[in-house]
Each structure stands twice: as C-alpha cells, then as structure tokens.
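Here's the structure we're looking at; comments come further down.
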Amino acid sequence: MELSAIADFLFEVGMLKRTPRSGFQFLGTGRETVAEHSLRCAVIGYVLGRMSGNLETNRIVLMCLFHDLTEARTGDLNYVNKKYVKADEEAAVRDMTSALPFGDEILRLTEEFRNGTTPEADSAHDADQLEMILQLKELGDLGNRYSQDWISTAVKRLRTEDAGRLARSILNTDFSGWWYKEKDDEWWVNGQLPEPSEK
C-alpha cells in the first residue's frame with residue numbers, strides 16, 4: 001500500500017476545513033466550511049438511514065461524507081455560480097483518488113450520490129438539504145428574514161418521506177432549545193445545581 005498517496009489525499013481533504021460554503025454571501029449572514037457541512041450531513045445521513053429501517057445506513061453516511069470531496073479542488077459553487085460555471089466533479093474525484101487503493105470505492109460512492117439512482121442516494125441527497133435547512137433555521141431564529149425563502153426552496157428539493165417529516169420537526173424547533181430548555185432552573189439563575197433530594 002502506497003502510504004504517501006494516502007498522506008497526500010488526507011492533506012487534500014484538509015482543504016475542506018478552509019473552503020467556505022459560498023452561498024452565505026448572498027444570504028448576508030452566516031458562514032460555514034465545507035468540512036463543517038459534511039460532518040453534520042453525515043450525521044443526518046446516519047439518522048435517515050436508521051429512520052428508514054431498511055436502507056444501508058453505512059452507505060448513506062459514506063456518500064454524505066464524500067459528496068463534497070471535490071470542492072477541495074473546485075471550491076464550493078453555489079446556486080448562482082452554477083448557472084454560469086460547471087465544475088468537472090467526475091474528473092476531480094477521479095484525480096483525487098486514482099492513486100488510492102480504495103479510490104474506486106470513493107469514486108463509486110460519489111457517482112451514486114451525483115446520479116441519485118438508489119434509495120440510499122436519495123437519503124444522502126436529503127441529508128445534504130436537511131443540513132442546509134438546519135443552518136438556515138438557526139440563522140432565521142437569529143433574525144435573518146431571508147432564510148425562510150431559502151428554507152422553502154430547500155424543502156421542495158427533499159425526495160423522501162422521512163426527510164420531509166424530519167424537516168417539519170426541525171422547522172418547529174427553536175435552534176437553542178436543546179441547551180436552554182430549563183432556563184428557569186437553579187443552575188441558570190444561581191450557577192448552582194440543586195442539592196440531591198434525600199430519599
């Protein structure tokens with residue numbers, strides 16, 4: 001196994017930590033790297049796979065993990081960019097992975113995602129959209145009045161029933177609720193946990 005090729009690949013993957021998602025420049029607020037997007041997308045893919053009960057969850061997760069891999073070379077093209085610029089994603093992922101002993105698997109996964117020909121690819125696609133919906137919901141809760149228009153469009157792109165149900169739940173949940181639900185508890189008021197009650 002040629003470890004130097006793997007090292008090169010891993011350094012290149014690190015570019016995703018420094019590659020911004022470019023759509024936020026049009027929204028006016030928010031920022032995120034491709035790597036940050038891909039992490040939550042992969043977790044959402046896992047959730048959708050488990051919700052389905054009959055799909056190959058691991059394959060969904062791997063598609064989510066690798067779906068924007070080529071942006072280490074092409075950069076992130078948002079919906080406005082894509083009207084005028086076409087990135088050769090197939091060539092980019094082939095060049096990135098050709099020296100890897102497992103490059104064919106990554107190539108197949110990215111092709112499956114891009115072609116959308118399997119239920120797993122549909123769930124990975126939906127995970128990608130749900131990640132954006134979550135980000136937009138956070139920005140909307142913080143006051144960006146344009147995020148709702150973007151959310152409406154992203155919801156229309158969803159392909160699976162499970163993703164639609166999850167999107168509705170996301171949109172009915174305050175983004176800060178998970179950590180601030182008990183804001184009237186003693187911890188938030190006095191910075192102290194209540195004493196354990198005696199039995």
Scanning region 56-72 for residues that are among the hydrophobic types (A, V, I, L, M, F, W, C) and either surrounded by fewer than 22 Cβ atoms within 10 Å (Cβ to Cβ) or part of a helix (DSSP H, G or I) (or both) gives I60, V61, L62, M63, C64, L65, F66, A72
Qualifying residue in region 81-90 (condition: among the hydrophobic types (A, V, I, L, M, F, W, C), in a helix (DSSP H, G or I) and touching a helix residue (DSSP H, G or I) at 6+ places or on another chain (Cβ under 8 Å)): no
Quick one: what pairs do we get from region 105-119, first residue outside any helix (DSSP H, G or I), second crowded, with 18+ Cβ neighbours inside 10 Å, C-beta under 7 Å, 6+ apart or different chains? G116/D122; G116/H125; T118/E112
Which residue out of T97, T110, T118 is out of contact with any Cys (no Cβ under 9 Å at 6 or more places or on another chain), surrounded by fewer than 18 Cβ atoms within 10 Å (Cβ to Cβ) and at pLDDT 95 or above? T118
Can you work out which of the residues in region 26-40 that are touching a residue at least 40 places away in the same chain (Cβ under 8 Å) and not basic (K, R) is surrounded by the most Cβ atoms within 10 Å (Cβ to Cβ)? V34
Out of the residues in region 75-94 meeting the condition of being within 23 Å of F26 (Cβ to Cβ) and without any contact (Cβ under 8 Å) to a residue 40 or more places away in the chain, tell me which one is surrounded by the most Cβ atoms within 10 Å (Cβ to Cβ). E89
Check whether at least one residue in region 22-34 is part of a helix (DSSP H, G or I), within 12 Å of the chain's Cα centre (by Cα) and either of a type in the set (F, W, Y) or at pLDDT below 95 (or both), and report yes or no. no
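The values are calculated or read from the model by the stated rules, or taken from the named source; none is laboratory data. Fair warning: this is a prediction, and the values are worked out from it, not measured in the lab. Neighbour counts run over all protein chains shown; Cβ positions are idealised from the backbone, glycine included.
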